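Engineer: Please find one structure pasted underneath; my questions will follow.
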Amino acid sequence: NLQKNKLKLDGKLPGFSNYLLVNGIMNTVFEAAKSKNEQLLAIAISAYDQLPKGMSPLQKDEIYMQYYQRSNDTNQYLKYAANYSNNLMIISNDTIAQRDKATAQSFEKRISAGDYAKLDSAQLASMRTYIAHMESDRISLMLNNNAWAVFEKSSDKKVLQDALNWSKHSLELAPDNSMYLDTYANLLYKLGRNEEAIKYEELAAKIGKKTNEGTFETIRKMNAGEKTWKEEQIK
C-alpha cells in the first residue's frame, strides 16, 4: 500500500513514505526470521531495492545480519557482519567528520527556522552533543557490536583478527568507551595476547566505574588463564 500510494503521501509529507517503508521492511525481516522464511526475506529485500538510492539508513548487509542473527544462523550472520564491517572500515575519518559536520549544520539551520522552538536551552545542548558525533557514534557502535559477536561465536584466528581490527577502529572513533575497550581486550585475550588484553581490560575498568563489576571478573579470569567466553556450537 505504501509503494502504491507513495507519490500521494510524499505530496503531503515529503520523504515520510521512505521512513515508513524502511520500518515495514525491517518488520518483515523480523517476522521472516521467526519462522526462518527466506521467501519472506526475499520480499523484504525486493522492497529495499525499490527505495530511492541513498534514502535508507540501512545497508543490505545489515538487513541480512538482522535476519540471520535472529534466525540463529551463526555462519551466515558472521559472513554478512564481516561484509558490513569491512565496508565501514574503508570510510575515512575525514569523511566521517564531514558527515558529522553536515548533520550539525543542518540541525542549526532547523533551529534557526524555528523547528525546535519548544525546546529549552538544556534540551538543545543535549541534542547538539548527540548530533555532533552521530555518524562516528553509529559506525563505532556497529563495529564494536560485530566485533563482540565474532568474539562470542568464532574461534577462527583470521576472523578474530579481522574483528580485532574493527574493534581497534571503534576505539579510534570513541577512545574513552569502556564497552569498546572491553571488546578489544577480550579479542586480544582470545588471540593469546594476554598481557595486552589485561592492560586494556584494566583501562576499561578504570573508565567504566559504574559498570566494572563484570570487568573485574574478566580481569581475574585473564590473570588466571581462564576462558572469558562460552563455546558456541556453530550452526
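The values are calculated or read from the model by the stated rules, or taken from the named source; none is laboratory data. All values reported here derive from a predicted model rather than from experimental measurement. Cβ coordinates were reconstructed from backbone atoms using ideal geometry, including for glycine residues, and neighbour counts include every protein chain displayed. When the accessible area is computed, the model is the full protein with side chains, heavy atoms only, and any ligands, DNA or RNA have been set aside. Shrake-Rupley method; radii C 1.70, N 1.55, O 1.52, S 1.80 Å.
Engineer: Short version: ³J(HN,Hα) in whole Hz for each residue of segment 128-138, in order, from phi by Karplus 6.51 cos²θ - 1.76 cosθ + 1.60 (θ = phi - 60°), x for Gly and Pro, what are they?
Structural biologist: 4, 4, 5, 6, 4, 10, 4, 6, 5, 5, 5
Engineer: Could you name the lysines in cross-link range of K221, using Cα to Cα under 29 Å and dropping any fewer than eight places away on the same chain?
Structural biologist: Within the straight-line limit of under 29 Å, K221 reaches these lysines: K153, K157, K158, K168, K190, K199, K206, K209, K210, K230, K235.
Engineer: On to the next question. Which lysines, on any chain, are close to K118 with Cα under 17 Å apart, when same-chain ones fewer than 8 places away are left out?
Structural biologist: Of all the lysines, those that pass the test against K118 - Cα under 17 Å, at least 8 places apart if same chain - are K109.
Engineer: Round to the nearest 10 and give me the degree value, 0 to 90, for the angle of helix 38-49's Cα axis relative to the longest principal axis of the chain.
Structural biologist: It is inclined by approximately 60 degrees.
Engineer: If each Cα of the chain is one equal point scatterer, what is log10 of I(q)/I(0) from the Debye formula at q = 0.07, 0.11, 0.15 Å⁻¹?
Structural biologist: Result of the Debye calculation: -0.31, -0.73, -1.15.
Engineer: Kindly report the accessible area of the chain per residue (heavy atoms of protein chains, probe 1.4 Å, no ligands, DNA or RNA), in Å².
Structural biologist: 60
Engineer: Same structure, new question: Using unit Cβ charges (K, R positive; D, E negative) and no other charged atoms, how large, in debye to the nearest 20, is the dipole of segment 113-162 about its Cα centre?
Structural biologist: 100
Engineer: Let me ask something else. How big is the Cα convex hull of segment 83-198 in projection, averaged over all directions, in nm²?
Structural biologist: Details: hull surface 33.9 nm².
Orientation-averaged projected area of the Cα hull: 8.5 nm².
Engineer: Any lysines with Cα under 21 Å of the K60 Cα? List them, leaving off those in the same chain fewer than 8 positions away.
Structural biologist: List returned: K34, K36, K79.
Engineer: How high is the relative contact order of segment 56-107, in percent, with contacts defined as C-alpha pairs under 8 Å that are six or more residues apart?
Structural biologist: Relative contact order comes out at 29 percent.
Engineer: Relative to the longest principal axis of the chain, what angle (0 to 90°, nearest 10) does the C-alpha long axis of helix 93-112 take?
Structural biologist: 40
Engineer: Could you tell me whether segment 150-205 comes out rounded, prolate or oblate from its Cα gyration tensor? Rule is a ≥ b ≥ c as square roots of the eigenvalues, rounded for a/c under 1.5, then prolate if a/b exceeds b/c, otherwise oblate.
Structural biologist: On the way: a/c = 2.09, a/b = 1.33, b/c = 1.57.
Oblate, because a/c is 1.5 or more while a/b does not exceed b/c.
Engineer: Could you state the number of Å between the C-alpha centres of segment 122-152 and segment 4-75?
Structural biologist: Going from one Cα centre to the other spans 22 Å.
Engineer: If I compute solvent accessible area with a 1.4 Å probe over the protein chains, what percent of it on the chain is carbon and sulfur? Walk me through the numbers before you get to the answer.
Structural biologist: Working: 7240 of 14130 Å².
C and S atoms contribute 51 percent here.
Engineer: Still on this structure, please answer the following. Just order 137-144, 46-53, 155-162, 182-189 by mean Cβ neighbour count inside 10 Å, highest at the front, would you?
Structural biologist: 182-189, 137-144, 155-162, 46-53
Engineer: Before rounding to the nearest 500, sum -39500 (n - 2.57) across all DSSP H runs of length at least 4 in the chain and divide by the residue total; then give [θ] at 222 nm in deg cm²/dmol.
Structural biologist: That calculation yields -24000 deg cm²/dmol at 222 nm.
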